[in-house]
Amino acid sequence: MAEGLRERKKRQTRQYISDVATGLFIERGFDAVTVAEIAEAANVSVNTVYNYFPTKEDLFFDRSAGVIDRLARWVRGRPDGESAAAAVIRELREEVEGVSPRVGLLPGYAAFMKVIEEAPALRSRLWALAQEVQANLEQALREETGAAADDELPHLMAGQIGWIHGTVIGVIGREMVKGRDPRAVSREVLALLDDIEDLLSERVLGYAVRGELD
């Protein structure tokens, strides 16, 4: 369905406010910037800011919705014959090979991470987001395998698959804060993904294969 004019304007306004806020946070730090200052810089009211972003942390993590369901979405979208872990590895390879900013491969990443490191509220929110990612993944695995509520295997497998994603994102972050070329980091992380796949057990790599009964 085509996006209507009203929806497009709302999306553009939301993105503009977020971009203005991010620029101020990077320039001055998260705690030093108020919502009122963001509203003034974006030429909107404080109420308008809160209509789009319930908290100041939401202004910084404005794309968190796409991250929270990322692993669950990858698992649910896997083709026949592919396991849950293989789907996540394949999707990560595609993102890394494409030098995608969605996995942190972008210039200026160090400045972005510096804001997080200096703001306890952002570090707490980042931790909470990681917990949501894991919970959504576990729920997806339960639904995909038909596991009983008291079955601990989806929880354990979510931990293993989450480790794949967390390791890749962590290594990218560690290297990007050094100011390195995203393309060089991409090449190294592709090799890392090969190593990760070699380390995983057959049980993990063969779990929740679409089209097979577990």
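The values are calculated or read from the model by the stated rules, or taken from the named source; none is laboratory data. Since we're looking at a predicted model, the values are computed, not measured. Cβ coordinates were reconstructed from backbone atoms using ideal geometry, including for glycine residues, and neighbour counts include every protein chain displayed. Please note that ligands, DNA and RNA were not included when accessible areas were found on the heavy atoms of the full protein model with its side chains. Shrake-Rupley method; radii C 1.70, N 1.55, O 1.52, S 1.80 Å.
The table for this structure:
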read-out: Of A135, T167, V177, farthest towards positive along the dipole that unit charges on Lys, Arg, Asp, Glu beta carbons give segment 116-177; value: V177
read-out: R28/N51 FRET efficiency (R0 22 Å; Cβ-Cβ; nearest 0.05); value: 0.40
read-out: Charge dipole of the chain about the Cα centre (unit charges at C-beta), most positive-ward option of I116, A191, A32; value: A32
read-out: Between helix 182-199 and the chain: long-axis angle, C-alpha atoms, 0 to 90°, nearest 10; value: 30
read-out: Mean residue ellipticity (222 nm) of the chain, computed from DSSP H runs ≥ 4 via -39,500 (n - 2.57), nearest 500; value: -22000 deg cm²/dmol
read-out: Shape category assigned to segment 31-158 from the gyration tensor of Cα positions, a/c cut at 1.5; value: prolate
read-out: Sulfur and carbon atoms: percent of accessible area, the chain [1.4 Å]; value: 52
read-out: Modelled FRET efficiency - R0 22 Å, R90 with I169, Cβ distances, 0.05 increments; value: 0.85
read-out: Magnitude of the charge dipole, the chain, Cβ model with Lys/Arg +1 and Asp/Glu -1, debye to 20; value: 960
read-out: Calculated FRET value between R123 and E37, using beta carbons and R₀ = 30 Å, to 0.05; value: 0.85
read-out: Cα centroid of segment 23-61 to Cα centroid of segment 151-167, whole Å; value: 35
read-out: Counted charge near P79, where neighbours are those whose Cβ lies closer than 10 Å (Asp, Glu -1; Lys, Arg +1); value: +1
read-out: Per-residue ³J(HN,Hα) for segment 77-86, Karplus 6.51 cos²θ - 1.76 cosθ + 1.60, θ = phi - 60°, Hz, x for Gly and Pro; value: x, 5, x, 4, x, 10, 7, 5, 5, 5
read-out: About the Cα centre, charge dipole magnitude for segment 63-157 (Lys/Arg +1, Asp/Glu -1 at Cβ), debye; value: 480
